[in-house]
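Heads up, the thing below is written out as structure tokens.
The values are calculated or read from the model by the stated rules, or taken from the named source; none is laboratory data. If you're wondering where the values come from, they're calculated on a predicted model, not measured in any experiment. Don't worry about glycine lacking a Cβ; one is built from the backbone with ideal geometry, like all the others, and counts go over all protein chains shown. These area figures cover heavy atoms from the full protein model, side chains too; ligands, DNA and RNA do not enter into them. Shrake-Rupley method; radii C 1.70, N 1.55, O 1.52, S 1.80 Å.
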Amino acid sequence: MTRTLRSSRTSLVLLAAVGLLTFVVAHTTLRAQVAPSLGTAAPFAVLASSAVTGSTGTGTLINGSVGSHPTATITNFPPSRVGAGHTLHLAANATVQQAKTDAKAAYDGLAAQSGTTINDNLSTNGALGPGVYTLGAADLPASTSMTLNGSGIFIFNVASTLTMNVGSQVLGTANACNVYWRVGSSATLNGTSFMGTVLADASITVGAGSNVTGRVLGGLGATGAVTMSGAGGNTIGGCSDAVSAPTVSKAFNAASITAGGTSVLTITLNNSNSATSSLTAAFTDTLPTGVVIAPVPSVSTTCGGTATATAGGSTVSLANGSTLPSSGSCTITVRVRAAAAGSYVNTIPAGALQTSAGNNAAAASATLTVTALPAGCPVITITPETLPNGLVGQAYSQTLTASGGTAPYTFTLQSGTLPPGISLTMAGGMGLLSGTPTSNGSSTFTIRATDAANCPADISYVMVVTTATAVPTMPEFFLLMLGLVLATLGYFHLRSR
């Protein structure tokens with residue numbers, strides 16, 4: 001009996017310990033500081049709701065874009081100015097509006113993070129390392145300094161105002177672009193040097209001679225302006241990448257098909273900016289006369305948005321508001337068909353892709369060559385028109401058939417590359433795509449069917465292979481609750497013993 005009781009107690013102690021450990025791990029993970037995603041606000045160094053006023057005299061150099069929404073009152077530009085590669089938005093356009101929306105989302109995300117309470121007098125806290133800090137009305141007295149050391153993320157949640165007085169400095173080894181100040185009211189930056197991105201509910205004032213390495217994003221509440229006082233000679237920015245206009249490229253796969261066959265048109269939209277870019281108008285590619293959308297368009301896009309194309313039509317479009325990923329590219333694919341022989345040049349003109357980062361400066365062209373069928377050859381139809389997707393490590397099998405010519409038919413790979421692990425063979429007068437995919441990805445290839453009279457037909461496919469969906473992990477909140485439950489059960493069982 002005693003041995004059983006001891007064993008039971010040991011098990012309960014272990015249960016409580018496991019529960020407490022789970023709670024501590026989950027709790028620690030939940031409290032870790034997270035840098036906000038600024039989205040389309042990332043290229044901006046100055047953002048307001050009601051007005052942006054530049055300094056006079058020699059003006060302020062702003063290394064980042066400048067804008068105000070919903071009221072675009074921009075004054076003293078010049079003498080204040082934006083650096084090369086950045087944009088002065090004189091209108092409250094869609095780009096500035098989206099930047100304001102993204103900045104407000106970042107502001108709310110910062111407000112939701114809790115951390116260590118520090119003194120409102122910023123000069124009395126000693127050197128601070130990465131973390132989340134909360135305070136009331138933050139103030140750095142005149143001619144004092146605040147030190148931030150470390151390579152991680154710094155977040156300061158200021159309940160009301162932020163004031164950097166004349167001659168004050170924020171310095172240290174921290175990367176200014178990893179420092180964020182969420183200010184519940186207004187901010188006044190009069191120090192000689194300041195580091196970090198300020199996201200303020202109300203207005204922000206940058207004083208004479210104050211150099212800000214970061215961003216000043218104000219008016220994230222109902223209203224607010226950004227004002228640069230004094231005669232200039234100072235700078236704002238350093239964390240806002242220069243914005244590059246997107247580029248467009250395109251290709252037909254296959255580039256050469258038989259009359260009546262299909263090809264896959266792929267349009268690639270490239271965005272080199274560190275922030276996502278969004279379309280400010282619908283993007284449309286018009287096919288050349290003689291080329292139409294195939295009966296089964298299979299239109300798709302990896303861009304953030306909706307692509308549309310109608311069978312028999314002559315256009316493929318990506319909806320207004322769709323997004324291009326940061327520092328990457330996305331594609332639009334659609335199957336097209338041409339009934340007559342010829343050389344068809346498909347061109348997207350310069351300026352057709354209109355985004356928050358600008359419009360494409362160069363046109364993009366691709367040529368589809370269509371060869372005539374041999375004399376007396378009918379149009380041969382290959383089915384299916386599209387292929388089911390595959391899964392890595394799982395057997396795949398798809399039969400291809402043809403009609404309209406003279407049996408038997410031979411199926412060959414005309415161009416492109418089959419997915420790794422998949423091969424094309426003949427089986428009973430039909431084509432067979434089979435095997436076990438070994439890696440995920442999208443493959444575009446063209447199959448040619450040739451009948452007994454040597455009459456050809458081409459059909460292009462896009463086959464997507466994905467990795468089987470992994471079992472989802474338990475959310476951190478669930479881990480937190482589980483830890484609390486286990487610890488509580490262990491505690492009360494021990495008490496009852």
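Exactly one residue among Val292, Val264 is open to solvent by less than 30 Å² (accessible area, probe 1.4 Å), touching a Lys or Arg at 6+ places or on another chain (Cβ under 9 Å) and more than 30 Å from Leu61 (Cβ to Cβ), and that residue is Val264.
The set of residues in the stretch 192-219 that are open to solvent by 10 Å² or more (accessible area, probe 1.4 Å) and closer than 16 Å to Val52 by Cβ comprises Ala202, Ser203, Thr205, Arg215. As a summary of the residue check, Thr71 satisfies the conditions (1) surrounded by fewer than 18 Cβ atoms within 10 Å (Cβ to Cβ); (2) β-branched (Val, Ile, Thr); (3) touching an Asp or Glu at 6+ places or on another chain (Cβ under 7 Å) except for the one numbered (3). Among the strands (runs of 3 or more DSSP E) confined to the stretch 346-427, the ones with at least 2 residues that are in contact with a Lys or Arg (Cβ under 8 Å, 6 or more places away or on another chain) are located at 364-371, 410-416. Look at the stretch 311-336: where a residue is over 30 Å from Ser37 (Cα atoms) and in contact (Cβ under 8 Å) with a residue 40 or more places away in the chain and a partner is outside any strand (DSSP E or B) and open to solvent by less than 20 Å² (accessible area, probe 1.4 Å), sitting 6+ places away or on another chain with Cβ atoms under 8 Å, you get Val316/Leu287; Val334/Ala294; Arg335/Ala294; Val336/Leu287; Val336/Ala294. Report yes if Ala339 is within 27 Å of Gly312 (Cα to Cα) and in contact with a Phe, Trp or Tyr (Cβ under 8 Å, 6 or more places away or on another chain), otherwise no. Here the answer is no, as Ala339 does not meet what is asked. Put simply, of Gly233, Gly167 the only residue that is at positive phi, assigned to a strand (DSSP E or B) and either open to solvent by 20 Å² or more (accessible area, probe 1.4 Å) or hydroxyl-bearing (Ser, Thr, Tyr) (or both) is Gly233. Exactly one residue out of Thr188, Thr197 is under 32 Å from the mean Cα position of the chain (by Cα) and closer than 22 Å to Ser240 by Cβ: that is Thr197.
The test for being more than 17 Å from Ala225 (Cβ to Cβ) and within 26 Å of the chain's Cα centre (by Cα) holds for Asn178. Taking the stretch 354-370 as the search range and keeping residues that are modelled with pLDDT of 95 or more and surrounded by 15 or more Cβ atoms within 10 Å (Cβ to Cβ), which one is farthest from Ser256 (Cα to Cα)? Step by step, filter the stretch 354-370, then rank; the result is Ala364. From the list Ile332, Ile348, Ile380, the one residue that fits, being within 23 Å of Ala453 (Cα to Cα) and surrounded by 15 or more Cβ atoms within 10 Å (Cβ to Cβ), is Ile380.
Taken over the stretch 433-454, the criterion of being surrounded by fewer than 21 Cβ atoms within 10 Å (Cβ to Cβ) and either acidic (Asp, Glu) or on the phi < 0 side of the Ramachandran plot (or both) is satisfied by Ser434, Thr436, Thr438, Ser439, Asn440, Ser442, Ser443, Thr444, Thr450, Asp451, Ala452, Ala453.
Please go through the stretch 316-345 and give me each residue that is under 14 Å from Pro288 (Cα atoms), hydrophobic (A, V, I, L, M, F, W, C) and outside any loop (DSSP other than H, G, I, E, B), ordered by number. Of everything in the stretch 316-345, those that are under 14 Å from Pro288 (Cα atoms), hydrophobic (A, V, I, L, M, F, W, C) and outside any loop (DSSP other than H, G, I, E, B) turn out to be Val316, Val336, Ala338, Val345. Applying a threshold of 8 Å to beta carbon distances and a minimum spacing of six or more residues, or different chains, the list of pairs starting in the stretch 196-211 at a residue that is of a type in the set (Asp, Glu) and ending at one that is in a strand (DSSP E or B) and open to solvent by less than 10 Å² (accessible area, probe 1.4 Å) reads Asp201/Val183. Among residues that are on the phi > 0 side of the Ramachandran plot, within 32 Å of the chain's Cα centre (by Cα) and open to solvent by less than 20 Å² (accessible area, probe 1.4 Å), Gly131 is included.
A quick yes/no check of all residues on (1) among the small types (Gly, Ala, Ser); (2) over 30 Å from Leu287 (Cβ atoms):
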site: Ile204; (1), (2): no, yes
site: Ala208; (1), (2): yes, yes
site: Gly214; (1), (2): yes, yes
site: Gly218; (1), (2): yes, yes
site: Ala231; (1), (2): yes, yes
site: Thr247; (1), (2): no, no
site: Asn253; (1), (2): no, no
site: Ala259; (1), (2): yes, no
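The sole residue among Gly404, Gly429 that is at positive phi and loosely packed, with under 15 Cβ neighbours inside 10 Å is Gly429.
State whether the residues of the stretch 81-99 include one that is in a strand (DSSP E or B), in contact (Cβ under 8 Å) with a residue 40 or more places away in the chain and open to solvent by less than 10 Å² (accessible area, probe 1.4 Å). Checking the stretch 81-99: not a single residue is in a strand (DSSP E or B), in contact (Cβ under 8 Å) with a residue 40 or more places away in the chain and open to solvent by less than 10 Å² (accessible area, probe 1.4 Å). For the criterion of being more than 17 Å from Gly115 (Cα to Cα) and without any contact (Cβ under 8 Å) to a residue 40 or more places away in the chain, Ser160 fails.
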